[in-house]
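Working notes, beginning with the structure itself.
Just so you know, all these numbers are worked out from the coordinates, no wet-lab data involved. The structure presented is a predicted model; accordingly, all values stated were derived computationally and were not measured. Neighbour counts are summed over all protein chains in view; Cβ atoms, including those assigned to glycine, are modelled from backbone coordinates with ideal geometry.
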Ligand SMILES: [Zn+2]
Ligand SMILES: [Zn+2]
């Protein structure tokens, strides 16, 4: 008995000395997918089921300029016969499928958001976030903005410039949020798709908080080219400006932007390439949105993290490794006298602590590894993760 007491006391004393990081509850989700409601090639339920079966806790079907709330009969085309889309759908969902034939054409009714949500959501385990990709363009430059947890449809915006369209869309989202009292946010998609949106465009915006630091669609040029910044360089350039002008820092999201569900290759936009991990105990749309607004998430294209913590003048990262691969944790930041983000610290350990310095303005981290992605967005791609920029505390 005495020994047990001594042992218990020792454990209590040791526990109170060791800085054990709080256990974070990471929920995996993808906020950017397309279905037959716009230019994706499968039914929403089939897409949702894939994510549900692959250990995601939330998904948003974000079709172009629709919130999937009207009656729509989809005409089965050659592409659908080739992909066997209807047969696969019927095999999985049976009597739930509604079809009708007229002359030689088969039509299938697309289930609305309310219907597919009711069918596939599992309370506390898997949630389906209502979404729209508000899709506009200016002089052939694409301007695509996702609205996660949207309530009411926002029509594509017409404007006098790329910036004008972006700002008007953001203003619509802020107004709708206020009006409906529902947490929702806009995130600006794939800036380098058609090189439609530049860092200078971002800098002119007010109320912009989220963008895609990683998008898994093969046409989005995450890495930039000789004439254009990479998305990561853009992120830093925008945040240097936002910080100098007293605006909140821009957060980076990872997404699939999946369209193709029948053929897997680097020429197709497939599921499972980019996602976010959100630190939230609850799995419902409002909780996920609020946690992301608080910066409690990281973006990933394959690297998993156990801990992301900024506390007591430090930024602590711990990797959840895949056995047999190497990892690097790199901290980047802006210094008070600086005009650009610089590398602050690099480590090959599976965890790293960066001690904030008095001249740090903001700090973020990127985690890289040498393991190759199975179905990459680009040949030779290796997995990464990006944590959010924080202002030292
Ligand atoms: Zn898009
Ligand atoms: Zn899209």
Going by the alpha-carbon gyration tensor, a ≥ b ≥ c the square roots of its eigenvalues, is segment 47-184 rounded (a/c under 1.5) or, if a/c is not under 1.5, prolate (a/b greater than b/c) versus oblate?
oblate
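In what sequence, highest mean first, do 70-78, 249-257 appear when ranked by Cβ atoms within 10 angstrom?
Values: 70-78: 12.2, 249-257: 26.2.
The most tightly packed comes first, giving 249-257, 70-78.
Is the C-alpha gyration tensor of segment 226-385 telling us rounded, prolate or oblate? Criteria: a/c under 1.5 is rounded; beyond that, a/b larger than b/c is prolate, otherwise oblate. Display every interim value, and only then the final one.
Details: a/c = 1.45, a/b = 1.43, b/c = 1.01.
It is rounded, given that a/c, with a ≥ b ≥ c, falls under 1.5.
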Part-to-part distance (alpha-carbon centres) for segment 312-360 and segment 180-241, which is given in Å
22
In vacuum, with every alpha carbon of segment 303-393 counted as one equal point scatterer, what does the Debye formula give for log10 I(q)/I(0) at q = 0.15, 0.18, 0.23, 0.25 Å⁻¹? Two decimals, please.
-0.58, -0.78, -1.09, -1.22
Helix-only mean residue ellipticity at 222 nm for the chain, each DSSP H run of n ≥ 4 adding -39500 (n - 2.57), per residue, nearest 500
-7500 deg cm²/dmol
Can you give the direction-averaged projected area of the convex hull of the alpha-carbon atoms in the chain, in nm²?
24.2
Considering the chain as a Gaussian network with a 10 Å cut-off on Cα pairs, which listed residue, 199, 60, 372, attains the greatest mean-square fluctuation?
372
Give me 349, 104, 124 ranked fewest to most by other Cβ atoms within 10 Å of their Cβ, as a rough exposure proxy.
104, 124, 349
Assuming 0.36 nm per residue, please report the length gained on full extension of the stretch residue 219 to residue 347 beyond their Cα-Cα distance.
42.9 nm
